[in-house]
Amino acid sequence: MGRMGWTGALAIGLAVAVSIGSSPASTAAVHTGCPVPFSAASVRPSLIDEAMDAARAVVLDHRTETNQGRVTRRTRQNYWLSEVELVPRRGWLHRTAVNRCGAKVAAFSWALVFHDGESPVASYNDVRFALRMPNGWWVY
């Protein structure tokens, strides 16, 4: 292949890699609250990165907070994700998910725990749950 052939192949390869690497969660609708109506058969498979993107769209998207008189904008650096896992079958994450949307929804959800680095309360965690349905992501 000539020089232009390799350059073109490289450009096409990069374009394909970027389109494959872009997150579907960024293009899927993100809703807040419990998915209604819900059926286990309608839950879509998802990746951990997609769940993280959906939850970040809810907790970071143009949000500001006032801590001790100082207004700060939430970013990935000051409102970081400290834990991500599928909702376990027991424990405090399971109880929290069940209390918010019920046992059926909790069984198919991702648990995401955010930590507010700007909060004067050192142990403040923001727990969100994410679930992918046919009409997009539901974060509760």
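Counting the residues of the range 46-75 that are of a type in the set (Lys, Arg) and farther than 17 Å from residue 127 by Cα gives 2. Note on the range 17-65: among residues that are open to solvent by less than 40 Å² (accessible area, probe 1.4 Å) and charged (D, E, K, R), the one that is modelled with the highest pLDDT is 50. Among the residues making up the range 122-135, those that are over 14 Å from residue 74 (Cβ atoms) and modelled with pLDDT under 85 are 122, 123.
Restricting attention to the range 70-115, the residues that are over 20 Å from residue 30 (Cα atoms), assigned to a loop (DSSP other than H, G, I, E, B) and open to solvent by 70 Å² or more (accessible area, probe 1.4 Å) add up to 3. With respect to the stated conditions, residue 39 is over 11 Å from the mean Cα position of the chain (by Cα) and more than 14 Å from residue 140 (Cβ to Cβ). Beta carbons closer than 7 Å, at least 6 apart along the sequence or on distinct chains, pair a first residue in the range 34-53 that is of a type in the set (Val, Ile, Thr) with a second that is assigned to a loop (DSSP other than H, G, I, E, B) for 43/108. Criterion applied to 121, 84 was being of a type outside the set (Ser, Thr, Tyr) and in contact with a Leu (Cβ under 9 Å, 6 or more places away or on another chain), and the one residue passing it is 84. Every condition in (1) of a type outside the set (A, V, I, L, M); (2) open to solvent by 20 Å² or more (accessible area, probe 1.4 Å); (3) under 20 Å from residue 54 (Cβ atoms) holds for residue 129 except the one numbered (2).
When restricted to residues that are in contact with a Gly (Cβ under 9 Å, 6 or more places away or on another chain) and at pLDDT below 95, the range 66-121 contains 4.
Reported count of residues in the range 78-97, each being over 17 Å from residue 52 (Cβ atoms) and in contact (Cβ under 8 Å) with a residue 40 or more places away in the chain, is 0.
The values are calculated or read from the model by the stated rules, or taken from the named source; none is laboratory data. Worth saying up front: this structure is predicted, and the values here are computed from it rather than measured. Note that each Cβ is placed from the backbone with ideal geometry, even for glycine, and that neighbours are counted across all protein chains shown. Heavy atoms of the whole protein, side chains included, go into the accessibility calculation; ligands, DNA and RNA do not. Shrake-Rupley method; radii C 1.70, N 1.55, O 1.52, S 1.80 Å.
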